[in-house]
1. Taking the DSSP beta bridges in the protein assembly as shown as the whole, what percent of them are antiparallel, to the nearest 5?
2. What GluC sites (Glu not before Pro) does segment A:21-73 have in DSSP loop regions with at most 14 other beta carbons within 10 Å?
3. Going by alpha carbons, how many degrees (0 to 90, nearest 10) lie between the helix axis of B:68-79 and the longest principal axis of chain B?
4. Could you name the aspartates and glutamates in cross-link range of residue C:140, using Cα to Cα under 20 Å and dropping any fewer than eight places away on the same chain?
5. Starting from the Cα-Cα distance between residue C:40 and residue C:379, subtract it from 0.36 nm times their residue separation and give me the gain in nm to one decimal.
6. What's the ranking of B:121-133, C:206-218, C:134-146 by average number of surrounding C-beta atoms within 10 Å, highest first?
7. Over what distance in Å are the Cα centres of segment C:247-272 and segment B:125-143 separated?
8. Is there a simple number for the mean count of other chain Cβ atoms within 10 Å of the Cβ of residues in C:346-354, and what is it?
Amino acid sequence: MNESEIVGSEFAEVAVGVDTTANGPRLRLEDRRTGRVRFLDALELETLVWLPDGHLGRLLDPSADRWREDAGH
Amino acid sequence: MTAPATTHETSVDLRQVEQFLYREARYADEHDYDAWEALWTDDALYWVPAGAPEGDPVQQMSVISDNRSRIATRLKQLRTGKRYAQSPPSHLRRIVSNVEILDDEGGEPGDLTVGANFVLVESRERGNEMWAGRTTYRLRLVDGQLRLAYKKVVLVDHDRALPTLSFLI
Amino acid sequence: MTATLPETAHEQTDKPDRYARLIQPTRVHGSLYTDPEIFAEELERIWYRTWVYVGHVSEVPEPGDYVRKNIGPQDVVMTRDRDGEVHLLLNRCAHRGNLVCDAPSGNSNSFRCPYHGWTYRNNGDLLGYPYNKGYGGKGKLALGLGRVPRVASHQGFVFGSFAPGGPTLAEHLGAAAGELDRLARLSPEGEVELTAGWLKHRTRANWKLLAENETDGYHPQFVHGSIFSVTGSPIGALYSDNSTAVTRDLGGGHSENDLRPEFRHFAEPMRWFGTTEDRVPQYVARMRELHGPAAEEILIEGSPHVMIFPNLFIAEIQLFVIQPLSVGECVQHSTAVQFKGAPELNRRMVSQCVGSVGPAGMLLADDTEMYERNQRGVALREPEWLDIRRGVERERTDDNGFRIGTATDETGMRGFWSHYRSLMEADK
């Protein structure tokens with residue numbers, strides 16, 4: 001794992017670094033407030049780059065995934 | 001380079017370097033094991049990487065990764081005449097070219113790093129093989145004579161399945 | 001040709017007793033190594049049916065990891081999905097059949113074919129395709145990457161079978177599973193890791209010459225005499241007439257050279273690795289701490305020397321995978337066994353293995369020379385047969401019901417051929 005950097009604001013704080021422990025490099029994202037970690041591979045990152053703003057906006061809706069009555073976690 | 005290499009100070013020129021590489025190549029082509037062995041320094045590394053050429057020869061598999069003692073063992077095995085993969089010996093001729101003195105500070109202070117390309121034809125009863133690659137040498141002046149401290153051979157086929165490589169490459 | 005010899009080399013494949021006549025108890029016919037029709041039939045009846053070793057879980061340690069592997073000539077991608085499950089996929093796009101993955105290994109949770117952009121999850125499911133109106137919208141195609149239908153593992157060794165049904169991996173491995181257990185128990189953490197990278201050695205010989213040679217204890221003194229003599233290696237003596245080691249037919253085509261009787265006789269920890277315990281003090285201390293008095297048996301008996309049918313060979317610290325490409329060509333993949341939690345031992349195993357195996361190996365280059373000479377030899381017309389009778393008269397059954405011979409007997413080969421024949425004759 002290379003050095004990570006913090007991308008933070010008054011609303012969220014995420015540690016960002018490139019992880020090199022797998023068979024290829026991947027982005028390691030850690031939500032500093034909960035400790036939850038997600039890895040993103042290159043194809044997933046490229047997909048994010050191309051995500052239209054409207055689509056991204058829908059993902060930011062609090063009830064889209066994280067704060068739903070039927071959310072599993 | 002921060003300090004001039006001692007090898008430079010004693011003014012080894014490209015011509016001398018080339019003559020050394022050609023001689024080393026001829027000893028290998030002609031299976032002159034004694035002469036070839038005498039070129040090496042005691043801290044020798046003779047390395048043919050497999051897979052990633054920048055891998056670590058201590059932790060990763062290599063085609064060849066011989067220190068001085070293992071070079072001696074390899075040559076002793078060849079000299080028995082019962083090293084069947086080289087009995088009878090392959091017929092070999094190689095061309096060494098594109099010789100460059102490189103700005104590299106690896107090895108002992110004063111070692112001269114040299115890069116070159118090669119193409120080699122091996123003839124055996126099973127058929128001919130063409131070998132090619134890039135060699136990095138580290139040369140050292142010892143008592144006024146050039147010696148070989150390091151030879152790394154990156155085959156163009158390093159990441160593919162290779163036929164038996166039982167001669168000195 | 002005399003009347004007693006079968007007209008083997010030129011007969012029709014549909015003759016029902018073909019393999020019974022080519023494979024006899026003490027001899028096998030040369031055409032088994034040279035006939036392309038037989039090779040084609042082997043692919044269907046052995047390589048694309050029985051359990052074949054593909055890779056090790058330590059080669060895909062993280063979710064999203066993948067590595068290119070093979071089953072014979074088939075190009076297989078071993079992947080680990082987000083849930084940690086290991087899959088064996090065929091590297092072939094469902095659209096036009098292009099190769100999807102190019103790199104030897106990497107980390108990606110999905111694969112995108114470079115030809116038209118079709119994209120798959122790393123479990124083989126089709127995620128989507130560009131400009132989907134041409135297919136009536138998204139999610140309209142019930143397609144995916146090809147899969148090896150059965151995947152199972154033992155001690156992290158992943159095997160695949162192209163047959164949707166049949167014997168389980170445990171049934172296929174039988175007694176050979178215990179040899180993998182014996183290997184894994186040498187790790188202080190009980191886990192083998194294959195993380196040292198691979199050498200790939202192209203060999204112009206039929207794959208069976210390799211499989212038979214792996215537990216042939218008759219050849220080392222001859223083929224490897226050159227290296228034994230210059231290094232003073234004690235290995236040669238393990239395979240001599242005076243050796244107490246045995247060759248065992250483990251059933252299922254598997255066989256071993258069981259060297260434990262010799263190692264028990266000397267009762268020296270680490271002798272199996274050709275060293276002494278003071279050279280690897282941390283490892284030995286850790287094993288004793290872990291196992292108590294039981295550590296002595298583990299450290300004395302050491303690692304197996306076992307051929308697991310049809311393609312996995314473990315020779316103490318070296319591991320080989322045989323990949324057939326055609327009737328007269330195969331690739332030997334080799335690496336050093338690594339034990340989790342044993343860095344001191346692992347470095348030595350890499351060093352020793354690099355000296356021994358692969359295209360320039362001081363052991364394997366000579367074995368390979370023999371394979372290639374053998375392939376040219378068996379193509380000659382007479383005397384047609386290869387003899388496998390050595391030790392047949394002195395063979396006996398051990399306490400567990402396995403056939404055993406002396407260290408130099410061809411008991412393993414006879415076991416190989418008996419199983420081979422049963423697979424080639426199945427469903428006839």
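Values quoted throughout were computed directly from the atomic coordinates according to the rules given, and no laboratory measurement underlies them. If you're wondering where the values come from, they're calculated on a predicted model, not measured in any experiment. Counting neighbours? That spans all protein chains shown, and the Cβs are built from the backbone with ideal geometry, glycine included.
1. Once the DSSP bridges in the protein assembly as shown are tallied, antiparallel ones form about 95 percent.
2. Qualifying residues, ordered by number: A:69.
3. 40 degrees
4. Hits, sequence-local ones excluded: C:125.
5. 120.3 nm
6. In decreasing order of mean packing, B:121-133, C:206-218, C:134-146 become C:206-218, B:121-133, C:134-146.
7. Their Cα centres are 40 Å away from one another.
8. 4
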